[in-house]
1. Kindly check whether there is at least one residue in the stretch 117-125 that is more than 23 Å from Lys45 (Cα to Cα), touching a residue at least 24 places away in the same chain (Cβ under 8 Å), more than 16 Å from ligand 2 (Cβ to nearest atom) and loosely packed, with under 15 Cβ neighbours inside 10 Å.
2. List the strands (runs of 3 or more DSSP E) that sit entirely inside the stretch 160-220 and contain at least 3 residues that are within 12 Å of the chain's Cα centre (by Cα) and at pLDDT 95 or above.
3. Restricting the search to the stretch 74-83, which residues are surrounded by 14 or more Cβ atoms within 10 Å (Cβ to Cβ) and either out of contact with any Leu (no Cβ under 7 Å at 6 or more places or on another chain) or within 19 Å of Thr28 (Cα to Cα) (or both)?
4. Checking the condition more than 16 Å from ligand 2 (Cβ to nearest atom), in contact (Cβ under 8 Å) with a residue 40 or more places away in the chain and within 12 Å of Phe34 (Cβ to Cβ), which residue from Leu186, Leu182 passes?
5. Output the number of residues of the stretch 201-218 satisfying the condition of being out of contact with any helix residue (DSSP H, G or I) (no Cβ under 7 Å at 6 or more places or on another chain) and more than 17 Å from Phe34 (Cβ to Cβ).
6. Within the stretch 147-159, restricting attention to residues that are among the small types (Gly, Ala, Ser) and outside any loop (DSSP other than H, G, I, E, B), which residue is farthest from Lys121 (Cα to Cα)?
7. Quick one: Lys45 ticks every box in (1) closer than 24 Å to Lys129 by Cβ; (2) surrounded by 15 or more Cβ atoms within 10 Å (Cβ to Cβ); (3) of a type in the set (D, E, K, R) bar one, so which box is it?
8. What tally of residues in the stretch 127-172 results from selecting those that are of a type in the set (Asp, Glu) and at negative phi?
Amino acid sequence: MIIQAQNLTRKYKSGLGEIVALKNVDLTVKKGEFLAITGRSGSGKSTLLYQLGLLDRPTSGDIYIEDVNVSNFSDIERTHLRLKELGYIFQDYAILPSLTALENVTLPLLMMGLDSREIKKKAETALGKVSLGHRFSNLPSQLSGGEQQRVSIARAISHDPKIIFADEPTANLDSETSKVILQVFLELHKEGQTIVMVTHEKEYATVADRVITLSDGEIIKESRGSLQ
Ligand code: ADP
Ligand code: MG
């Protein structure tokens with residue numbers, strides 16, 4: 001198993017009370033698996049993704065990445081693991097407006113301290129994989145929403161991460177462009193990439209190998225994707 005989550009609970013303090021956004025969730029993800037997490041707005045999808053992706057810490061429970069319990073990792077150890085081994089894609093692309101497509105993809109590689117020839121090669125390869133080989137020097141404002149999302153996917157995969165996490169990657173896109181993005185995920189998956197994707201669109205979730213449905217912070221359903 002590449003991810004094992006045991007008994008994950010995440011509570012948020014809110015005003016006078018407390019919200020239990022995740023309740024004792026157990027979940028495993030196999031190496032090379034494409035897992036989709038679906039459910040209604042507020043069901044806890046992003047909260048679960050953020051715990052699995054080490055972007056947040058659970059109130060209780062344990063997470064193992066490749067059999068290593070990362071629950072007790074320090075912030076620095078977690079940051080290191082995120083930068084080197086994980087990749088992230090968000091609904092709003094989260095790319096920097098003043099940097100070109102190539103520079104956006106280059107940035108995390110620079111932070112990793114790779115040498116400049118390797119950085120250039122990895123960034124160009126990643127942009128090629130998402131069919132943006134001809135858009136290296138465009139600024140985000142000179143790209144469509146779908147193209148901006150492909151830049152963010154290139155950035156997420158450029159360092160060959162063990163797992164990519166995507167939170168509603170198609171939520172800002174029309175249905176035609178959404179399908180292009182899903183196709184990119186399917187191609188990465190075919191190459192062996194482990195993917196965990198959140199989407200509230202049931203129809204999009206079914207492109208994955210396995211779909212889990214959340215409701216009120218609990219997994220209420222688990223099914224195989226329709227392409228299986
Ligand atoms: P989803 O991604 O499925 O829409 P979320 O994981 O964002 O759901 O939220 C689950 C629940 O936790 C919701 O009730 C939401 O309002 C609440 N929540 C999420 N983030 C916070 C936060 N930072 N502080 C307080 N409540 C939060
Ligand atoms: Mg969400």
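The values are calculated or read from the model by the stated rules, or taken from the named source; none is laboratory data. Not measured: the values here are computed from a predicted model. Glycine also receives a Cβ, built like all others from the backbone with ideal geometry; neighbour counts cover every protein chain displayed.
1. Quick first cut of the stretch 117-125, residues more than 23 Å from Lys45 (Cα to Cα) only: 117-125.
After this cut, where a residue has to be touching a residue at least 24 places away in the same chain (Cβ under 8 Å) as well, the list is 122-123, 125.
The next check asks that each one be more than 16 Å from ligand 2 (Cβ to nearest atom); those that pass are 122-123, 125.
Cutting the leftovers down to loosely packed, with under 15 Cβ neighbours inside 10 Å gives us none.
Looking through the stretch 117-125, none of the residues is more than 23 Å from Lys45 (Cα to Cα), touching a residue at least 24 places away in the same chain (Cβ under 8 Å), more than 16 Å from ligand 2 (Cβ to nearest atom) and loosely packed, with under 15 Cβ neighbours inside 10 Å.
2. Numbers: elements: 163-167, 194-198, 210-215.
In the stretch 160-220, 163-167, 194-198 are the strands (runs of 3 or more DSSP E) which contain 3 or more residues that are within 12 Å of the chain's Cα centre (by Cα) and at pLDDT 95 or above.
3. In the first step, residues of the stretch 74-83 are kept if they are surrounded by 14 or more Cβ atoms within 10 Å (Cβ to Cβ); the result is 78, 81-83.
Passing the criteria: Leu81, Arg82, Leu83.
4. On the way: Leu182 fails: in contact (Cβ under 8 Å) with a residue 40 or more places away in the chain.
Being more than 16 Å from ligand 2 (Cβ to nearest atom), in contact (Cβ under 8 Å) with a residue 40 or more places away in the chain and within 12 Å of Phe34 (Cβ to Cβ) holds for just one of Leu186, Leu182, which is Leu186.
5. Of all residues in the stretch 201-218, those out of contact with any helix residue (DSSP H, G or I) (no Cβ under 7 Å at 6 or more places or on another chain) come to 201-203, 205-206, 208-210, 212-213, 215-218.
Right, trim to more than 17 Å from Phe34 (Cβ to Cβ) and you get 215-218.
Total meeting the criteria: 4.
6. Taking the stretch 147-159 first, the residues among the small types (Gly, Ala, Ser) are 152, 154, 156, 158.
So of that shortlist, the ones also outside any loop (DSSP other than H, G, I, E, B) come out as 152, 154, 156.
Numbers: Ser152: 17, Ala154: 12, Ala156: 15 Å.
Checking each candidate, the answer is Ser152.
7. Going through the list (1) closer than 24 Å to Lys129 by Cβ; (2) surrounded by 15 or more Cβ atoms within 10 Å (Cβ to Cβ); (3) of a type in the set (D, E, K, R), Lys45 breaks only (1).
8. Initially, the stretch 127-172 is screened for residues of a type in the set (Asp, Glu), giving 147, 160, 167-168.
So of that shortlist, the ones also at negative phi come out as 147, 167.
Qualifying residue count, the stretch 127-172: 2.
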